[in-house]
Amino acid sequence: MDKLFDTFLLMLDGSEITLEIFVVTLVLALPLGMLAALGRLSKLKAMSRLVEFYIWLMRGTPLMLQLLFVYFALPMIGIRLPDIAAALLAFTLNYAAYFAEIFRAGIQSIPKGQYEAARTLGMSYPQTMRRIILPQVFRMVLPPVSNETINLVKDTSLVYILAMNDLLRVARTIVQREFDMMPFLIAAIFYLAMTFVLTWGFKKLEAHYGKYDN
Amino acid sequence: MANTTTKEEIMLRMHDIHKSFGDLEVLKGIDIEVRRGEVLAIIGPSGSGKSTLLRCVNKLETINSGSIEIKGEFLAVTNEDGQAEYVDAKKGRSLLASTGMVFQQFNLFPHMTVIENLIEAPMQVKGLKRAEIEPYAQELLAKVGLSDRADYYPSQLSGGQQQRVAIARALCMKPDILLFDEPTSALDPELTGEVLKTMRELAKEHMTMVVVTHEMAFAREASSHVIFMADGMIVEQGEPEAFFAAPKEERTRAFLQNML
């Protein structure tokens, strides 16, 4: 029983890294994704193309490869980041690209009439975006954002290859040392618990912002 | 009805308006003039350019050449090269502040309640406090018969109710000219009546209105001037009585016959 408790504590420790990567990535990638979406929709062709390229690059290569690149390749050209920062950089750039596409689709799904109505009422473009368009986009993108967020919880386990002691690596270490499969089970429960909380939270958000579409 | 005692001030004047979408010329030299308190009805078959003309008034579409004057001030003029030039954005916004628009598809803000739809622009654009504009918004809702719907969302209202909210929303910015782009075309027939009734009341109060419509009864009874457009040109125009009683052009007669 004591052993199980120790295992549990060790893994709780490991989940700290997991949670840190999850939270920081989300906090950075959401606004960055919004900026990228606006850039992608920009009338400036160069800007739009540049963002398109970035999105293609990030979505077109494995996240694991991006992690390895930031972690091992950047130091070769003299850019040396602390472990956690390297992981966060790769995660943020990757997830921002996915969020950008979700936001872009959301923005484009708002009927032209909404812009025209705001314009004929004298509202400026920033006012229109902030007050009329983005609140509707926010509601519309909740389900796909929820999806990506849950993916992120599980993707954090990719830092395993960077030898960072996240939840999965801690579990694996204990399994190897003790010849006991229990840590894998516990890890699964940890991931499920996080996913459960997220699912519940997004459901609440959807209900709250869905009150206007009957 | 538009009465002759109102001031003769010209609210809107458009001269020799040309507008093309690519190779397709949709407006081929249109002239209109609307005085304070007048209701101009623009009728015509679909594709005649009437909605485009209306959308040119408030710059939702830009003209290729011609001039647009709102309350005596130019929004756009044609330069020596024959190209339309608009005044700078700031001046343009201040001129267009005297116009309001009601759309075929209502275009209410779905994430806001009825009252929020009304007060949003006055608060954002004019910087009014909620308490300063809400009484007026309530007054407008009463006027369109929707006082009891202030806290509803647009999706909870019928099409006719939504369109009346849209009219109240436009009025809340206190425009001098109200533009209607086929305001009843998206409505079930039994719901057009309530919207037309609201528009008739506005006409009686000498609101200056430009109405693109398929409702011949409204054009006949509530307008002060009727324009019939086809193929990007004005075919015929006149006082509604004479226009509907004895249209001169064959094209007009054929159109009116089809509508009745």
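The values are calculated or read from the model by the stated rules, or taken from the named source; none is laboratory data. Bear in mind the structure is a predicted one, so any value in this text is a computation, not a measurement. Cβ: placed from backbone, ideal geometry, glycine included. Neighbour counts: every protein chain shown. What goes into the accessible areas is simple: the full protein's heavy atoms, side chains included, and nothing from ligands, DNA or RNA. Shrake-Rupley method; radii C 1.70, N 1.55, O 1.52, S 1.80 Å.
Summary table
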read-out: Exercise: per-residue mean of other protein chain Cβ atoms within 10 Å, B:88-94; value: 1
read-out: Cβ neighbours within 10 Å from other chains - mean over B:109-115; value: 5
read-out: Within the accessible area of chain B (1.4 Å probe), percent carbon and sulfur; value: 48
read-out: Region B:172-224 versus region B:131-160: alpha-carbon centroid distance in Å; value: 18
read-out: Neighbour cut-off at most 13 other Cβ (10 Å), DSSP loop, trypsin sites (Lys or Arg not before Pro), region B:113-163; value: B:129
read-out: Helix-derived mean residue ellipticity, 222 nm - over chain A, DSSP H n ≥ 4, -39500 (n - 2.57), to 500; value: -25500 deg cm²/dmol
read-out: Rounded accessible area per residue of chain A, 1.4 Å, Å²; value: 55
read-out: Kyte-Doolittle mean at least 0.0 and Cα axial length at least 15 Å: DSSP H helices in chain A; value: A:2-40, A:45-60, A:83-108, A:134-155, A:167-178, A:182-209
read-out: 13 Å reach of a label modelled at residue B:256, 7 Å along Cα-to-Cβ, counting backbone N of region B:28-62; value: B:43-44
read-out: 5 angstrom amide H check on residue B:235, placed H, neighbours 5+ away; value: B:228, B:229, B:230
read-out: Neighbour-limited loop hits for trypsin sites (Lys or Arg not before Pro), region B:168-257 (at most 15 other Cβ within 10 Å; DSSP other than H, G, I, E, B); value: B:248
read-out: Threshold 50 Å² - residues in region A:93-128 whose accessible area is reduced by that much or more when the chain is no longer isolated, probe 1.4 Å; value: A:114, A:116, A:119, A:120, A:121
read-out: Sulfur and carbon atoms: percent of accessible area, region A:84-128 [1.4 Å]; value: 65
read-out: Using θ = phi - 60° and Karplus 6.51 cos²θ - 1.76 cosθ + 1.60, couplings along region B:72-82 (whole Hz; Gly, Pro as x); value: x, 10, 6, 8, 8, 9, 9, 7, 4, 7, x
